[in-house]
1. Divide the volume of the convex hull of the Cα atoms of the chain by its number of residues and quote the answer in cubic angstrom per residue.
2. Roughly speaking, to the nearest percent, how much of region 5-193's 1.4 Å accessible area is carbon and sulfur?
3. Taking the solvent-accessible surface of protein heavy atoms with a 1.4 Å probe, what is the per residue accessible area of the chain in Å²?
4. Sticking with the crude label model, points 7 Å out along Cα→Cβ, report the distance from Glu208 to Arg570 in nm, one decimal please.
5. What part of the accessible area of region 419-595, given as a whole %, is carbon or sulfur when the probe is 1.4 angstrom?
6. Distance in nm between label sites at Ala585 and Met1, each 7 Å beyond Cα in the beta-carbon direction?
7. Of Met257, Met361, which has the most accessible area with a 1.4 Å probe, and how do the rest follow in descending order?
8. So if R0 is 60 Å, what FRET efficiency would Ala431 and Ser119 give, r being the distance between their Cβ atoms, rounded to the nearest 0.05?
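The values are calculated or read from the model by the stated rules, or taken from the named source; none is laboratory data. Being a predicted model, the structure only gives us computed values, none of them experimental. Neighbour counts run over all protein chains shown; Cβ positions are idealised from the backbone, glycine included. What goes into the accessible areas is simple: the full protein's heavy atoms, side chains included, and nothing from ligands, DNA or RNA. Shrake-Rupley method; radii C 1.70, N 1.55, O 1.52, S 1.80 Å.
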Amino acid sequence: MTHDKIAVVDFGGQYAHLIATKVRRLHVLAEIRQPDDPIEAFAGYKGIILSGSPSLSSFGEDSGYTKAIYDLDLPILGFCFGHQEIAKHYGGQVAHGGREWGYADLHLTREHPLFAGLSMIEPVWMSHYDSVTAVGPDFEELGYSTLGGRTEVQHRYAAIGSDALRRYGFQFHPEVDDTLHGAEMIGNFVLGICGCRPSWTIEQFLAEEMDKVRAQVGDQSVFLLASGGVDSTVAAVLLGQALGPERLRLLHIDNGMMRKDESRAVIALLQSVGLGERLEFVDASQDFLDALAGLTEPEAKRRAIGDTFVAVFEREARRLGISQDLLAQGTIYPDTIETGGTRRSDTIKTHHNRVPVIEAMIAAGRVVEPLAELYKVEVRELGERLGLPHAAVWRHPFPGPGLGVRLLCWAGEADRSGFDAIEPALADLAAAEGLELLALPIRSVGVKSDLRAYEHPVMISGQAGWDDLLRVAGTVYKSVPGINRCIWNLAPDAPGTARPVTAHMTRERLDLLREADAQVMAGLTRHGIDGEIWQCPTVLVPLELDGRGRELIILRPINSARGMTATPYRLPDALLDELRSSLLALPGVSGLALDLTTKPPGTIEWE
Ligand code: XMP
């Protein structure tokens, strides 16, 4: 069956994906289009939504994108940057300045189908520098904004529209949950103004995808790498059901950087869904350890892990004689598209699913990707529909290189570069706040102004409330150059010294990290908060604090919606007490700390 579809033009950041997810929740298929896609790419849609942009401005210069969309006889709705572009295109004006960020009240000037079922005053979320200051002759102001509770107008033209042209714009962001009735506004556009039929459901998707897979595969067999992650597991079950288990072969590679007992759990899970007999297991941990021997630089480690993965895959593929099989992958929608606006990927890291050997197979039509149209949340829904256990479907994301990016390695001297400026700045802040601030002579990966930053962390010691800790951490990494993270010391005493220790990727260190990570994960489950947290990496840093041990353990509990941005999650005090006792007692551990850094400037992982 053909479904009514909406095109979402991606002007950058994460707005477009959020919008598409909200449209899909209405059971209408939304697809991402790039701003410079040719006009032919917009055929077959019932409406277009233009996203906001974190970096583009509608002020002054002419923004380059396929303006021929305005000649299409389709309803178009723009948010923020998209709203300003629509206003400008039809003779309105945009002014620079007057940053508005946070909640505002949208006051409707009249009832309108876009706001059907809503109040004349609606709380909305604003985040913009530029604003529409005048609209063209065919347009009207549908709403203006005030700051919550106030009466004076903050911004005119917060919502605009032309019913004759079927063009509309919102200065605010209806796709974020902070706009209380944003989903209803998007629904009024998609289901009402565009007239889309809500036919796209997970059941419908599953039935259609099963048919597609059978058609693509014909009487061939399929081979799939099962990492134990949600995507590859759901893909395996879908393929098993579509083709019959006997036409599917699975390979699980233990790269030595899995969690404690992880490979055993993956095997048990696949057995529980009737795919155990189709599974090959390879312990390749030594290959990975050999490749990582002596490496300390994060990018070099990542490259070594990626290259070894490809080498092991090719070797095992030869051994298993899969060259005649099709290769199946659990690739999901965001992995298949570039980020819009600048065509620069937000995920700085290369994806396993798109390495050259696999690109060549895709080009030859030998790759099956049954989840390539779905977002993560939809893959999870599908997994539950296919009968996978709740815990397997809702597990936290775990990076492909696994604990490899959570076990920092170091060789040589302490890195005190920049400390001449850092230490006096920290001393001033420490005195003002009544806390101790210690710059650590190692580095971790972060991101600043969309670029990779490899900078020093600062350890905060002393007693303060959670909000104060976050405030001080923010002040430190925003105001002290060369610092991209702050961690809070959980051990009883403030360390006087921190000395990096030469340490590489070894089985012993991985086992220590595995044990610490297992204790943290068990603690989250015990306190019933694993479902609230996006992820909680445990990181091992080779730092000797006051000569006590050789490894500092860092906890990194975070809130996030899609992993692109993140804020620290506050763990319960009782759990921190438990972890303080158990983790500080592990052999060779010199300290324990909690990462207080938002993303940006810290990434979620430390490397
Ligand atoms: P960062 O550290 O960039 O992580 O803030 C964002 C999200 O991506 C995950 N991550 C990876 N996932 N392969 C993956 O499959 C990788 O190489 C990789 N690196 C980071 C990370 O766990 C977080 O969820």
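1. Details: hull volume 99.3 nm³, N = 607.
Roughly 164 Å³ of hull volume per residue.
2. Values: 3790 of 7300 Å².
Taking all protein chains in place, region 5-193 shows 52 percent carbon and sulfur surface.
3. Details: 24400 Å² over 607 residues.
The answer is 40 Å² per residue.
4. 4.5 nm
5. Working: 3630 of 6940 Å².
Here carbon and sulfur together make up 52 percent of the probe-accessible area.
6. 5.9 nm
7. On the way: Met257 5, Met361 45 Å².
The residues order as Met361, Met257, largest area first.
8. On the way: r = 51 Å, r/R0 = 0.84.
Given R0 = 60 Å and the Cβ-Cβ separation, E is 0.75.
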